[in-house]
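> Got a structure here, written out as structure tokens. Questions coming.
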Amino acid sequence: MVMSAIATILFALFGLSSPVFAGEDTVPRCDLNLARVGEVLPLNTETLPQVRIVHPGQAVTMEFVAGRTTIALNAQGVVVSVRCG
């Protein structure tokens, strides 16, 4: 703990970004509780950077991003699926 504090201070003094230490969680997490199937998308969900909203007929890439929550909507704006990736 003391070593990580010293390292953080030294990095700050020299204008470097702070290091990542073992046990620190820096990866965004998929959150399946952001929306519920059968309900309208909650407000402000579309503005979250780790969320992808998919509308009917929308083209999307196939890459898997572990920290991203993908929410699919139907034509009425009702959630039809919530998944990670």
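Read the figures in this text as sums done on the coordinates, not as results from a lab. Predicted model, so just to flag it, every value in this text is computed and none were measured.
> For V65, what residues show an amide H to amide H distance below 5 Å, using hydrogens built from the backbone and excluding near sequence neighbours?
Placed amide hydrogens put G85 under 5 Å from V65.
> Give the long-range amide H neighbours of R52: residues separated by 5 or more places, or on another chain, with amide H under 5 Å away, using H modelled in the peptide plane at 1.01 Å from N.
T69, T70, I71
> Output wanted: per-residue J couplings in Hz (rounded whole) for the stretch 68-83, from phi through Karplus 6.51 cos²θ - 1.76 cosθ + 1.60, θ = phi - 60°, x for Gly and Pro.
Working through the residues one at a time gives 9, 9, 9, 10, 9, 10, 8, 5, 8, x, 8, 5, 10, 7, 9, 8 Hz.
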